[in-house]
1. Filter region 176-235 down to residues that are of a type in the set (Val, Ile, Thr) and loosely packed, with under 15 Cβ neighbours inside 10 Å and give me whichever is farthest from residue 127 (Cα to Cα).
2. Can you run down the residue pairs with Cβ atoms below 8 Å, 6 or more apart or on separate chains, where the first is in region 212-232 and over 26 Å from residue 256 (Cβ atoms) and the partner is β-branched (Val, Ile, Thr)?
3. Within region 133-158, take every residue that is in a helix (DSSP H, G or I) and without any contact (Cβ under 8 Å) to a residue 40 or more places away in the chain and give me the one that is surrounded by the fewest Cβ atoms within 10 Å (Cβ to Cβ).
4. Quick check on region 365-397: of everything there that is over 24 Å from residue 221 (Cα atoms) and touching a helix residue (DSSP H, G or I) at 6+ places or on another chain (Cβ under 6 Å), which residue is surrounded by the fewest Cβ atoms within 10 Å (Cβ to Cβ)?
5. Output yes when any residue across region 27-49 is in the same structural domain as residue 409 (by TED's automatic domain parsing), under 26 Å from residue 156 (Cα atoms), free of Cβ contacts under 8 Å to residues at least 24 places away in the same chain and of a type in the set (A, V, I, L, M), and no when none is.
6. So which residues in region 341-360 are in a loop (DSSP other than H, G, I, E, B) and out of contact with any Gly (no Cβ under 8 Å at 6 or more places or on another chain)?
7. Take the residues in region 47-68 that are more than 16 Å from residue 105 (Cα to Cα) and of a type in the set (S, T, N, Q); name whichever of them is surrounded by the fewest Cβ atoms within 10 Å (Cβ to Cβ).
8. Under 28 Å from residue 50 (Cβ atoms) and either assigned by TED's automatic domain parsing to the domain that holds residue 382 or not hydroxyl-bearing (Ser, Thr, Tyr) (or both): which single residue out of 231, 153 fits that description?
Amino acid sequence: MKVAFLVAHFPVLSEPFILNQIVGVIERGHEVDIYSLDGIPQDTSKVHPLVVQYQLINRTIYAHSRPENELWRWIKGLSLLIANFYKNPAVCLQLLNSSRYVSQAKSLKMLYRALPFLQKKSYDIIHCQFSTLGVFGLWFRQLGLIEGKLISTFRGSDISKFLPKWGKKVYQELFLETDFFLANCEFFKDKAVALGCDANKIHVHGSGIDCQNFTFQERHFPEDNIVRIATTGRLVEKKGIEYVILAIAQVIPTHPHIEYNIIGDGELKQHLQKLIADLNLNDVVKLLGWKQQKEIVEILDKCHIFVAPSVTGKDGNQDAPVNTLKEAMAMGLPVISTRHGGIPELVEDGVSGFLVPERDTQAIASKLTYLIEHPQLWVKMGKAGRARVEEKYDMHKLNDELVAIYQQVLTVNSK
């Protein structure tokens, strides 16, 4: 098969779930092209080792980056349009059609993203990562710019925070004309069906991890008496990290020998630094910044409890079962997470860890205290977590399934 992946940016360190699918399709002998529709990411100083191993940059077609400044956006956009007009004059004129593409034409997003396709591309499968890109994939196919069976994946922000802004009917055309849909959890599948997606055209296909890269080890109370707690994730509102910091402040008076390691970076870094300082936790809470997977594993190897405190953002943004949580569970860490989005599909409360309400600092503190005081539970919870991840989220099983879905879509739609 010849497969096109449509992504916003590539490579992005925080999106290993997309990378794992791309590599999985390549490993199974299929031809892959990657379209980075928003251009080259701003920060390419760190990339996943698989990007280098599989020379994925050589497979990536980059759209031109769209300037934030409106004047420069138009100057650059019109110059690109003139330079490429000869390739497909009729379509070039359509890309500025604001009555058809509304804000996506007015903001020139349609123009910038469509330019790599002006000379028609043909594939067996066009896989759009995030259904916000599925809309563009559909438009490109309607314009005759790309040919192939269209698959669109609902991953989270596209079925949560995107809806209040654009309305619940934003995907109606997509639901009618897309060949098949994937959702990374039952929670988002149900939301898509409620919006009008045909339940027979959507399948839950989780984001996988390579369990072989996350070695299981039993967790026991440390000889130095310092209980090490960790969180991995972007420093953004949806990840809820501030609530763990507040909880740590509540735990410290009775359990002073703890350490909280936060792996990640993002827009809330300064806010969290101030919170840590205000709570006098500089010696306890460490902001470690972005780390490569190997570095993350080395940190988690020394930890005893993992916390993933996801919350629904003010913009409505929600999480699926997050990969960082799967990685921690695969390594045998008992976990604390929230009753949020698709997370209860991964974490069974009281079995592999604990689930608490969103933004409930007291509940997080209570469960942290309980786990610190009951280390005899760590091994049992760790084993349950590892088994759950191996059963439902093993990358190799899921990539076999993904290729089978591609083949089924081709077979069903060719009859």
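1. The residue in question is 226.
2. Pairs found: 213/297; 214/297; 215/297.
3. Going through the qualifying residues, I end up with 142.
4. Looking at the filtered set, the residue picked out is 390.
5. no
6. Those that are in a loop (DSSP other than H, G, I, E, B) and out of contact with any Gly (no Cβ under 8 Å at 6 or more places or on another chain): 342, 346, 348, 350, 351, 357, 360.
7. Per the criteria, the residue is 58.
8. 231
The values are calculated or read from the model by the stated rules, or taken from the named source; none is laboratory data. Just so it is clear, the model here is predicted, and its values are computed rather than measured. Cβ coordinates were reconstructed from backbone atoms using ideal geometry, including for glycine residues, and neighbour counts include every protein chain displayed.
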